[in-house]
């Protein structure tokens, strides 16, 4: 099998591919965008009506362009994409983006009102199962002055940056998962923990059931049998337990 980019060029793809997606919303949601590749040659239909918006940005990769969609009413909706398909084309993932939360219910992902605030624990259980960007946990603290130790051993993400009153004071990434803040003045402060996300729950193998898979190449997206499920299987993401903040007087 030859990769698409070494195929002899053809003037025009031979076929039109049609992809249909059905999704349900429990809320009225405005400002939703569709993110997809090859937006310039894709016809988009929402509930049978053509979407005429033009690309207005990009998501994660500049090749993944965003298209504004009409408002999403409560109920069931059908999204259809039509694009030329030949030897050099491929069907890629696409995404609904916007200010909303998602509830996983078996094989179904349901759109709901946005989450106003989250506590510690996995974001996948708090209405953000496919979120892959950064998240900032903000809290007010009061100290007697001196050094502070922030201990956050239970997190799933790339690393944590610790900020005090908007200023970066250090990172938590390796054991013992501590960050020492020196010479903190007495009084009230705003402590922020910025957890850097990974893209697994946005781009990863969300239907792979085999926890012993050791090489995440193309075949890991094409599992079958006991290694596959129709249910989504996002990985935990977030600061999973409350961090411990100690004063060192």
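Bin by bin, in steps of 10 Å, what percent of the Cα pairs in region 4-112 do you find, going until the bin that has the longest distance?
Binned Cα distances yield the sequence 13, 42, 32, 10, 3.
Given the peptides 143-153, 98-108, arrange them by the average over their residues of other C-beta atoms within 10 Å, most packed first.
Those peptides, ordered most packed to least, come out 143-153, 98-108.
Once you put a point 7 Å from the Cα of residue 18 and another 7 Å from the Cα of residue 235, both along the Cβ direction, what distance in nm separates them?
According to this spin-label approximation, the distance is 3.8 nm.
Normalised by the number of residues in the chain, what is the relative contact order in percent for Cα pairs under 8 Å and 6+ residues apart?
Dividing the mean separation by the residue count of the chain yields 19 percent.
Over every pair of different alpha-carbon atoms in region 118-249, take the mean of 1/r and invert it; report that Kirkwood radius in Å.
After inverting the mean inverse Cα-Cα distance, the result is 16.5 Å.
Contact order normalised by length for region 4-112, with contacts defined as Cα pairs under 8 Å and 6 or more residues apart; what percent is it?
Values: 218 pairs, mean separation 44.4, N = 109.
Here the relative contact order equals 41 percent.
For region 26-69, max minus min Cα coordinate along each principal axis, in Å, sorted largest first?
Each principal axis gives a Cα extent; for region 26-69 these are 30, 20, 14 Å.
Between (1) 55, 46, 39; (2) 73, 42, 34; (3) 162, 66, 24, which matches Cα extents along the principal axes in Å calculated for the structure shown?
(2)
Coordinate-derived values only; no laboratory data. All figures in this text were calculated on a predicted structure; none of them were measured in a lab. Positions of Cβ are generated from backbone atoms using ideal geometry, with glycine treated the same way; all protein chains shown enter the neighbour counts.
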